[in-house]
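Have a look at the structure below before the remarks.
The values are calculated or read from the model by the stated rules, or taken from the named source; none is laboratory data. Remember, predicted model here, so these are calculated numbers, not experimental data. Neighbour counts are summed over all protein chains in view; Cβ atoms, including those assigned to glycine, are modelled from backbone coordinates with ideal geometry. Only protein heavy atoms, including side chains, enter the accessible area calculation; ligands, DNA and RNA are left aside. Shrake-Rupley method; radii C 1.70, N 1.55, O 1.52, S 1.80 Å.
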Amino acid sequence: LLLEPVQDSESVDIFAALGRVTSQDVISPINVPPHDNSAMDGYAFDGTALNKMQALSLKVVGTALAGKAWQGQVHEGECVKIMTGAIMPQGLNTVVPQELCKMTAEDAIEIPAGLLQVGDNRRLCGEDIMQGKAALSKGGLITPAAAGLLASLGVPTVSVVRRLRVAYFSTGDEILSLGESPREGAVYDSNRYTVAGLVQALGCELIDMGVVRDEPAALAQAFVDAAVKADAIITSGGVSVGEADYTKAMMKKLGDVAFWKIAMRPGRPMAVGRINQGKQSAILFGLPGNPVAVMVTFLAFVKPALLQMMGCTELPQPLARARTREVLRKKPGRTEYQRGIVTRNKEGELEVITTGNQGSGVLSSMVQANALIVLQHTQSTAQIGDWVDVLML
Ligand code: AMP
Ligand code: MG
């Protein structure tokens, strides 16, 4: 199996759990809400007394506050003033919102006919979550909503999958680290920063291994180190057929190549396989060097693979559809990703234009883009007004 999900789990505080993946179902120890309660400020009464044709007059005999229940007895023809979140007094099942009823005396209200049904504006015990039921299921991402839900159960910690360890290094003799002086033919290492951001945004632990020269011995050492420390290794550069492209050769020597070259653009030379070192082994994503190709292959391939390794069972973000406002030249037989800017037109439809120069070294276009236009494998040139798939960034 190429993508083995991490098995270890740990218990973390809810505050620290954001972006992590649950390692088991979270069973609720309580009902949420714990009692029937009012959804509105108004008056609680017995709704079975409602009559479609006739207004209902009631005497107000007390007040129920949130956190301070009304303990008294309520008889026929009586109601209790109630605040949002207050426990429903015994025997009462319906709330008339304050603004829907008339005060007819200091302690009497009238509810107009035909406005309400039995049970209106009452929240039922356990209607959000039932005691003993799974509030979150295994493999779910802990979002802000899920963190709040956990807190609503009164549970301070949650069991999550261990963070995935992802090692990254850039390769290339021409790659300068920040702080180094410029020299002819050299470029600063941008991939290290985009990949670090992408990996960390997924909630993985980044093992930053800097830049490695295009030298077989140095590369072999880096791969072996990474395979020991990490679950996954990501590299950039050195996977095309240039003379100094060693990554694939290393994979052959130190592990297995699963596949190399894929029918996508940019990103064609991506290589995927494993590096083995004794009992340790890590999956390797050898991404091309071009900065846009790095980001596109990460989003299209590496991200779903890492999520699977993180034990995450959530469905990927769906593609949207937008009308293209320009001709998008495309050859069938590969999937093409163009950088796009999606807006909504007056008719409420999504429209997309490209960011212009689609060179795979033009990283500024990735900054401008709010979407990737995905031109699918069998598709050919898209004409103005055609619908195309877009992956919102
Ligand atoms: P390669 O895949 O090694 O042939 O590199 C393709 C192109 O991407 C070359 O122009 C490299 O200079 C450039 N490149 C490779 N790695 C990086 C990097 N880490 N940061 C910025 N550009 C890079
Ligand atoms: Mg290179």
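Listed values, structure above:
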item: Scan of the stretch 238-297 for residues that are of a type in the set (Phe, Trp, Tyr) and either open to solvent by less than 10 Å² (accessible area, probe 1.4 Å) or within 18 Å of Leu363 (Cα to Cα) (or both), ordered by number; result: Phe285
item: Hits in the stretch 224-251 - residues which are more than 32 Å from the chain's Cα centre (by Cα), more than 16 Å from Ser170 (Cα to Cα) and touching a residue at least 12 places away in the same chain (Cβ under 8 Å); result: Val241, Ala249
item: Qualifying residue in the stretch 204-212 (condition: surrounded by fewer than 17 Cβ atoms within 10 Å (Cβ to Cβ) and within 12 Å of ligand 1 (Cβ to nearest atom)); result: yes
item: Test: residue in the stretch 171-194 that is of a type outside the set (Ser, Thr, Tyr), modelled with pLDDT of 95 or more, within 21 Å of Asn276 (Cα to Cα) and within 12 Å of ligand 1 (Cβ to nearest atom); result: no
item: The stretch 220-247, subset assigned to a helix (DSSP H, G or I) and more than 20 Å from Leu3 (Cβ to Cβ), residue farthest from ligand 1 (Cβ to nearest atom); result: Val224
item: Subset of the stretch 108-154 that is closer than 19 Å to Gly85 by Cα and either at pLDDT below 95 or of a type in the set (Asp, Glu) (or both) - its residue that is most open to solvent (accessible area, probe 1.4 Å); result: Glu127
item: Qualifying residue in the stretch 142-162 (condition: under 26 Å from Gly286 (Cβ atoms), within 16 Å of ligand 2 (Cβ to nearest atom) and outside any helix (DSSP H, G or I)); result: no
item: Sole exception among (1) within 30 Å of Arg274 (Cβ to Cβ); (2) within 26 Å of the chain's Cα centre (by Cα) for Val342, by number; result: (1)
item: Hits in the stretch 251-268 - residues which are more than 21 Å from Arg165 (Cα to Cα), within 16 Å of ligand 1 (Cβ to nearest atom) and not charged (D, E, K, R); result: Trp260, Ile262, Met264, Pro266, Gly267
item: In the stretch 164-195, the residues that are outside any loop (DSSP other than H, G, I, E, B) and polar (S, T, N, Q); result: Ser170, Thr171, Asn191, Thr194
item: Selection count where residues are surrounded by fewer than 15 Cβ atoms within 10 Å (Cβ to Cβ) and within 18 Å of Asp41 (Cβ to Cβ), scope the stretch 71-97; result: 0
item: Residues of the stretch 308-334 classified as farther than 17 Å from Val374 by Cβ and open to solvent by less than 40 Å² (accessible area, probe 1.4 Å), total; result: 4
item: Gly72 being more than 16 Å from ligand 2 (Cβ to nearest atom), out of contact with any Ser or Thr (no Cβ under 6 Å at 6 or more places or on another chain) and closer than 27 Å to Ser9 by Cα; result: no
item: Residues of the stretch 348-376 classified as loosely packed, with under 12 Cβ neighbours inside 10 Å and modelled with pLDDT of 95 or more, total; result: 2
item: Selected residue (only one of Leu116, Leu149 is touching a strand residue (DSSP E or B) at 6+ places or on another chain (Cβ under 8 Å) and farther than 28 Å from Leu315 by Cβ); result: Leu116
